[in-house]
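Inspection log for the structure reproduced underneath, given as structure tokens.
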Amino acid sequence: MIVCPACHAENPDGTKICVKCGTELPKAVAAGPSKAKPAAEEQKKFGMRDIGRDAIDLLWLVLIFLLVGLGFWMEATHWQPFAKSEEVAMVKEPVVALVSHHLGHVVHHAIAKTSSEKPAAVYGDPESFFQKGKVEYDRQKYHDSFNYLKQALMIDPTFAKAYFGLGYLYARFDMDDAAVRMYEMALRFDPAHADATNNLGMMYYHAGNYDDALQLFQKAATLNDQNADYEYNLGSVYLDKEQPSDALQAFQKAASIRPDDASIYNDLAVTYEKLGKKQEAVDSWQKVMQYSKDPDLTQNAKSHIDFLQTQS
């Protein structure tokens, strides 16, 4: 049937003029292919190439999960090699939980897996346990070193050397907060412990707290005025605080104590340059070249000498 576009009357197929209103009728549309073909074509397009792309996407997803998992694992182990996992777990043990302060006194706490367990009694001289801990640390047996220092504190919770050793051990694993706490405990029970004073200063220095670091380095140098490291650290913080004159005195003192240390002469030369003392700087750079076994340090010294000698 053909529907008239004017009066909508139905006309038999093949009729050219509407039988009702006389309007010319449109020609009948020949049957053609189904319009579902494009959908069929789209369906045909999905094949092995799409499967390959999906497989690649899946592999990337798996890789991302693996990398995220690896990141969490490395963060938990402080980015230490697999072989050091046990050591890292060891230093994570909360040594601070061994002691607590109450009205300025230290109370020894039980070290136990459950609240009902009691630690085994430890007897002996805490100094001997500290010395054993030092030996094991030098042998890179960090777990054993940790246990010896812990036993020293079980005998005497006020033994400053053991806290100092633990601070050194924590710093070895970049556990700065725990290291600071241990150095502070060492100084609580032995305010004249020069190494703990210096090391605590180093923790502040590396954290960018130059003022507190300076006070601690000054105190360490006062406690032991024949330690080149204390003077060198003091000079370094003066240099960073833009106080080259004070830095110069400290570096000169360090060089007099340890006259064959290229690192000291390196910073001494830098200080002379900052003060405009070219000849003294050249002399110090030459000392660097004389004593250094580091080719980079030697080359740096030579470059400075060549530059200074070209200046009028």
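All conditions in (1) assigned to a loop (DSSP other than H, G, I, E, B); (2) touching a residue at least 12 places away in the same chain (Cβ under 8 Å); (3) more than 33 Å from the chain's Cα centre (by Cα) hold for residue 293, with the sole exception of (3). Selection of first residues in region 212-239 that are farther than 12 Å from residue 251 by Cα and touching a residue at least 12 places away in the same chain (Cβ under 8 Å) and of second residues that are surrounded by fewer than 21 Cβ atoms within 10 Å (Cβ to Cβ) and small (Gly, Ala, Ser), restricted to Cβ pairs under 8 Å at least 6 apart or on distinct chains, gives the following pairs, ordered by first then second residue: 220/194; 223/192; 223/194; 224/194. The single residue among 244, 259 that is out of contact with any helix residue (DSSP H, G or I) (no Cβ under 6 Å at 6 or more places or on another chain) and either without any contact (Cβ under 8 Å) to a residue 40 or more places away in the chain or among the aliphatic types (A, V, I, L, M) (or both) turns out to be 259.
Give region 138-155 a look and list any residue that's in a loop (DSSP other than H, G, I, E, B) and surrounded by 18 or more Cβ atoms within 10 Å (Cβ to Cβ), or say none. Give the steps one after another, and end with the answer.
Step one: list which residues in region 138-155 are in a loop (DSSP other than H, G, I, E, B), which gives 139-141.
Correct list: empty.
Among the residues of region 209-241, those that are touching a helix residue (DSSP H, G or I) at 6+ places or on another chain (Cβ under 6 Å) and closer than 11 Å to residue 194 by Cα comprise 216, 217, 219, 220, 221, 223, 224, 230. Among (1) surrounded by 18 or more Cβ atoms within 10 Å (Cβ to Cβ); (2) more than 24 Å from residue 142 (Cβ to Cβ); (3) acidic (Asp, Glu); (4) out of contact with any Phe, Trp or Tyr (no Cβ under 9 Å at 6 or more places or on another chain), there is one condition residue 229 misses while meeting the rest; what is its number? All conditions pass for residue 229, except number (2). Might you let me know whether region 246-262 holds any residue that is over 28 Å from the mean Cα position of the chain (by Cα), more than 18 Å from residue 201 (Cα to Cα) and β-branched (Val, Ile, Thr)? Yes: region 246-262 contains one or more residues that are over 28 Å from the mean Cα position of the chain (by Cα), more than 18 Å from residue 201 (Cα to Cα) and β-branched (Val, Ile, Thr).
If you go through region 179-217 and keep only what is crowded, with 17+ Cβ neighbours inside 10 Å and either among the polar types (S, T, N, Q) or in contact with a Pro (Cβ under 8 Å, 6 or more places away or on another chain) (or both), you end up with 197, 198, 199.
Filtered by the rule that a residue be closer than 28 Å to residue 175 by Cβ and β-branched (Val, Ile, Thr), region 198-255 gives a lone residue, 237.
Computed from the coordinates by the stated procedures, all read-outs in this text should not be read as laboratory data. All figures in this text were calculated on a predicted structure; none of them were measured in a lab. Ideal geometry is used to build each Cβ from the backbone, glycine not excepted, and the neighbour counts take in all protein chains shown.
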